[in-house]
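Encoded as structure tokens, the structure appears first; notes follow it.
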Amino acid sequence: MSDTPPDRLSTHQGSPHFDLDALQRGIGIRFKGVERKDVEEYSMSEGWIRVAAGKTRDRKGNPLTIKLNGPVEAWFENPAPGAEEDKPADAE
């Protein structure tokens, strides 16, 4: 897996944009310059995120979401399994 997170990702298992491997590595999201932990789905190329609208649920028990537009940045919080971490070079 590359060090670039997917352009679009969803936490809902029924979505075609659900990727368990990417979610297990942890995804950090910055929306309009603020780091968010409540994002359920995002698209970097289209510039939007979906977040839960309070505690409201639909008839199937899923949280109702709202779509917010703006600049989206995403990154992996943990390195890929088996990937070597960059070691700083000795200053000597």
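Here are a few things to note about the model shown:
- Every condition in (1) at pLDDT 95 or above; (2) within 10 Å of the chain's Cα centre (by Cα) holds for Gly47 except the one numbered (2).
- In segment 8-24, the residues that are within 9 Å of the chain's Cα centre (by Cα), open to solvent by 60 Å² or more (accessible area, probe 1.4 Å) and at pLDDT below 95: Thr11
- Strands (runs of 3 or more DSSP E) wholly inside segment 1-67 containing at least 2 residues that are of a type in the set (Gly, Ala, Ser) and out of contact with any Asp or Glu (no Cβ under 8 Å at 6 or more places or on another chain): 48-57
- Matching residues in segment 1-59 - criterion: being β-branched (Val, Ile, Thr) and under 21 Å from Pro81 (Cα atoms): Thr4, Thr11, Ile27, Ile29
- Test: Ile27 is surrounded by 10 or more Cβ atoms within 10 Å (Cβ to Cβ), of a type in the set (Val, Ile, Thr) and without any contact (Cβ under 8 Å) to a residue 24 or more places away in the chain: no
The values are calculated or read from the model by the stated rules, or taken from the named source; none is laboratory data. From a predicted model like this one, the values you see are computed outputs, not experimental measurements. All Cβ positions, glycine included, derive from the backbone under ideal geometry; neighbour counts span all protein chains shown. Only protein heavy atoms, including side chains, enter the accessible area calculation; ligands, DNA and RNA are left aside. Shrake-Rupley method; radii C 1.70, N 1.55, O 1.52, S 1.80 Å.
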